[in-house]
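Engineer: Pasting a structure here, questions to come.
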Amino acid sequence: TCAELFARLLESEDLKFEKTIDKDGDSVISIAFNGKRTTIFFTGDDGAYLSLYTVFERVPEDKVADVIFACNQLNCQYKWVTFYVDKDNDIILHDDAILTVENAAREAFELLIRMVKISDDIKPTIMRIIYA
């Protein structure tokens, strides 16, 4: 499946990750970069539907509106990742893709790296809003 191919690529890169099966039978891989955990779901036939979620930062109640506004601006700026504040007041970075068995490992890895780079890019903006 696509998850297995991706896990093998992570192993070949000597990256530490956790692999599980969720209650729906989908493969889930969790990996941390720069103190942020990204959870990657592989669903559908051969795990071809990919969803990546990074919990970026918790937002204090009094800053939620400002962060939602910033997320809207970031959604206009970045096409590979969407940004939102969830019900727990966490900033979430999210990406979806459809994979094939032929491209699964490299495509999933590329999307993960893009998400990590984007999270590094946006960090000063988000931190300034939250802690200003």
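Engineer: Pick out the one residue from K123, K79 that is over 25 Å from E13 (Cβ atoms) and out of contact with any helix residue (DSSP H, G or I) (no Cβ under 9 Å at 6 or more places or on another chain). Give the steps one after another, and end with the answer.
Structural biologist: On the way: K123 fails: over 25 Å from E13 (Cβ atoms).
From the options K123, K79, the qualifying one is K79.
Engineer: In segment 10-26, how many are closer than 18 Å to M115 by Cβ and not in a loop (DSSP other than H, G, I, E, B)?
Structural biologist: Number satisfying all stated conditions: 2.
Engineer: Working only within segment 110-132, note down all residues that are of a type in the set (V, I, T), within 22 Å of P60 (Cβ to Cβ) and either without any contact (Cβ under 8 Å) to a residue 40 or more places away in the chain or open to solvent by 50 Å² or more (accessible area, probe 1.4 Å) (or both). Write out each step before concluding.
Structural biologist: Let us first name the residues in segment 110-132 that are of a type in the set (V, I, T), namely 113, 116, 118, 122, 125-126, 129-130.
When the remaining residues are screened for being within 22 Å of P60 (Cβ to Cβ), the result is 122, 125-126, 129-130.
Once the filter is applied, which keeps residues that are of a type in the set (V, I, T), within 22 Å of P60 (Cβ to Cβ) and either without any contact (Cβ under 8 Å) to a residue 40 or more places away in the chain or open to solvent by 50 Å² or more (accessible area, probe 1.4 Å) (or both), segment 110-132 yields only T125.
Engineer: Mind checking which residues of segment 93-109 are outside any helix (DSSP H, G or I), open to solvent by 60 Å² or more (accessible area, probe 1.4 Å) and of a type outside the set (S, T, N, Q)?
Structural biologist: Across segment 93-109, the qualifying residues are D96, I98, V101, E102.
Engineer: Let me ask something else. In segment 34-64, what residues are within 19 Å of V116 (Cα to Cα), modelled with pLDDT under 95 and of a type in the set (G, A, S)?
Structural biologist: Passing the criteria: only G35.
Engineer: Being among the hydrophobic types (A, V, I, L, M, F, W, C), open to solvent by 80 Å² or more (accessible area, probe 1.4 Å), more than 15 Å from the chain's Cα centre (by Cα) and within 23 Å of T125 (Cβ to Cβ), is that true of even one residue in segment 62-70?
Structural biologist: In the first step, residues of segment 62-70 are kept if they are among the hydrophobic types (A, V, I, L, M, F, W, C); the result is 64-65, 67-70.
Keeping just the survivors that are open to solvent by 80 Å² or more (accessible area, probe 1.4 Å) gives 68-69.
Imposing the further condition that a residue be more than 15 Å from the chain's Cα centre (by Cα) reduces the set to 68-69.
When the remaining residues are screened for being within 23 Å of T125 (Cβ to Cβ), the result is 68-69.
Yes, some residue in segment 62-70 is among the hydrophobic types (A, V, I, L, M, F, W, C), open to solvent by 80 Å² or more (accessible area, probe 1.4 Å), more than 15 Å from the chain's Cα centre (by Cα) and within 23 Å of T125 (Cβ to Cβ).
Engineer: Follow-up question, since we're still on this one. Spot the failing condition for Q77; the list is (1) open to solvent by 10 Å² or more (accessible area, probe 1.4 Å); (2) in contact (Cβ under 8 Å) with a residue 24 or more places away in the chain, and only one is missed.
Structural biologist: That leaves (2) as the condition not met.
Engineer: While we're looking at this one, here's another question. Sort through K87, K63 and tell me the only one that's farther than 13 Å from A108 by Cα, out of contact with any strand residue (DSSP E or B) (no Cβ under 8 Å at 6 or more places or on another chain) and touching a residue at least 60 places away in the same chain (Cβ under 8 Å).
Structural biologist: K63
Engineer: Return the residues of segment 2-60 that are in contact (Cβ under 8 Å) with a residue 60 or more places away in the chain and β-branched (V, I, T); say none if nothing qualifies.
Structural biologist: I31, T38, I40, T54, V59, listed by residue number.
The values are calculated or read from the model by the stated rules, or taken from the named source; none is laboratory data. The structure presented is a predicted model; accordingly, all values stated were derived computationally and were not measured. Cβ: placed from backbone, ideal geometry, glycine included. Neighbour counts: every protein chain shown. Just the protein is used for accessible areas: all its heavy atoms, side chains included, with ligands, DNA and RNA removed. Shrake-Rupley method; radii C 1.70, N 1.55, O 1.52, S 1.80 Å.
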